[in-house]
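One structure is given here, and the rest of the page talks about it.
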Amino acid sequence: MNVKMNGYEPAYVSFMPKGNKTEVFYSFTTFQKPEANKISCFIPSFNIYFSATDKEMVHKKSVALTKIYLRHFGRHSKGGVKDLVLQLHKLGFKAPNDALTLKRILKDHQAVNAKFKSSNETLPDGFYGAERIEHQEELEVAI
């Protein structure tokens, strides 16, 4: 049974074009639950599961894994930000005026300021009631 999370700000990814790069600001939540000899973790907005040995590693791995995910599209795809926006959309991130924003980015090839909020924030069995850690990060990707 999946449980919808309430009572906190949903994850977001925000794009701000700057020259030939785009600044990406993002926030997300990591849920953690202790188990035998490890901490099981889940980042619902990016659908990332991992384990860590202690709480410091939970934070470090959370940030590293989300940065790897977001940077992948700037470094290893031909479409750059366009591919990233498509992947975020598949994960349930939506912008205000979503269809128009997507058209500007994908069809018109415009670099636009846009903030995509996650609409898919559900917890799988076993993580309901787990401790959560909020993160805010930033990075740059190629256009």
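Here, each number is a calculation from the coordinates, and none is a lab measurement. Computed from a prediction, not measured in an experiment: that's the story for all the values here. FYI the Cβ positions are ideal-geometry reconstructions off the backbone, even for glycines, and counts take in every protein chain you see.
Below is a table of values for the structure above.
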| item | result |
| --- | --- |
| Most mobile listed residue (Gly79, Gly92, Gly19) in the chain, GNM with C-alpha springs under 10 Å | Gly19 |
| Met57/Lys18 FRET efficiency (R0 30 Å; Cβ-Cβ; nearest 0.05) | 0.40 |
| With Cα atoms, 0 to 90° folded angle of helix 81-90 axis to the chain main axis | 50 degrees |
| Listed residues Asp83, Asp125, Asp98, most fluctuating in the chain (Gaussian network, C-alpha, under 10 Å) | Asp125 |
| Given Lys21/Lys55; Lys38/Lys60; Lys55/Lys94; Lys18/Lys107; Lys33/Lys78; Lys67/Lys115, the pairs whose alpha carbons are separated by over 26 Å | Lys21/Lys55; Lys55/Lys94; Lys33/Lys78 |
| Candidates per trypsin sites (Lys or Arg not before Pro) in the stretch 64-143, loop by DSSP, up to 14 other Cβ within 10 Å | Lys78 |
